[in-house]
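These notes are about the structure you will find just below.
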Amino acid sequence: MLIDVSQSALLVVDLQQKLLPVIHDNQAILAQAVRMATIAGLFGVPVIGTEQIPDKLGPNHPDIRHLCGQTLAKSHFDACAEGLLPALPGAARQIVIAGCEAHICMLQTALSLLEHGYQVLPLLDACGSRKPSDRDAAFARLQQAGAVPVTVEMVAYEWMRDARHPLFRDVLKLIK
């Protein structure tokens with residue numbers, strides 16, 4: 001299954017200012033999420049953010065927040081339980097996911113999306129947890145459940161499909 005830009009949406013889970021500092025490799029995860037959201041914006045792919053109890057954990061990091069077309073506040077760990085499904089565009093069947101914590105909110109949201117019939121594509125290079133072992137366990141569990149782990153570059157190049165794509169140079173600048 002190739003990732004189809006016309007069927008894609010990007011979900012950015014809880015990359016919040018007060019949570020990010022405790023996430024392992026947080027700067028790289030934030031940078032990759034920003035890269036993916038910027039590329040999604042070039043392609044017109046909807047970008048939806050979530051924030052876990054923002055009154056306590058604060059908003060998403062400003063570098064990612066301004067790239068989200070909409071941001072949903074939630075208290076449930078599974079964003080589908082709190083308004084995500086109606087926020088997804090009707091054409092979106094493939095949900096690319098970035099965020100944290102990989103083994104809690106990202107995992108529960110991804111599992112719920114799978115149950116609702118979506119193809120779920122968690123970004124290996126843009127998801128994190130406090131402990132790497134928790135992140136790794138989340139990806140193993142997601143893969144067993146039917147999710148397909150991907151990277152930012154995989155998604156970008158599958159959205160383009162061809163080196164002659166009009167956005168190739170713009171995307172290449174972001175990737176390099």
Of the residues that sit in region 42-65 and are free of Cβ contacts under 8 Å to residues at least 40 places away in the same chain and touching a Cys at 6+ places or on another chain (Cβ under 9 Å), which one is surrounded by the most Cβ atoms within 10 Å (Cβ to Cβ)?
G49
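Go over the candidates A126, A73 one by one and state the one that is within 13 Å of the chain's Cα centre (by Cα), at pLDDT 95 or above and in a strand (DSSP E or B).
Values: A73 fails: within 13 Å of the chain's Cα centre (by Cα).
Just a single option satisfies the conditions, and that option is A126.
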Yes or no: region 149-164 includes at least one residue that is open to solvent by less than 10 Å² (accessible area, probe 1.4 Å) and in a loop (DSSP other than H, G, I, E, B).
no
With criteria (1) open to solvent by 30 Å² or more (accessible area, probe 1.4 Å); (2) in a loop (DSSP other than H, G, I, E, B); (3) closer than 25 Å to D25 by Cα, C68 comes up short on (1)
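Just to check your reading of the model, which residue among E101, E82 is acidic (D, E) and in contact (Cβ under 8 Å) with a residue 24 or more places away in the chain? Steps first, please.
Values: E82 fails: in contact (Cβ under 8 Å) with a residue 24 or more places away in the chain.
Among E101, E82, only E101 is acidic (D, E) and in contact (Cβ under 8 Å) with a residue 24 or more places away in the chain.
The values are calculated or read from the model by the stated rules, or taken from the named source; none is laboratory data. If you're wondering where the values come from, they're calculated on a predicted model, not measured in any experiment. Note that we place each Cβ from the backbone using ideal geometry, even for glycine, and neighbour counts take in every protein chain shown. Just so you know, the surface numbers come from the protein's heavy atoms only, side chains and all, with ligands and any DNA or RNA stripped out. Shrake-Rupley method; radii C 1.70, N 1.55, O 1.52, S 1.80 Å.
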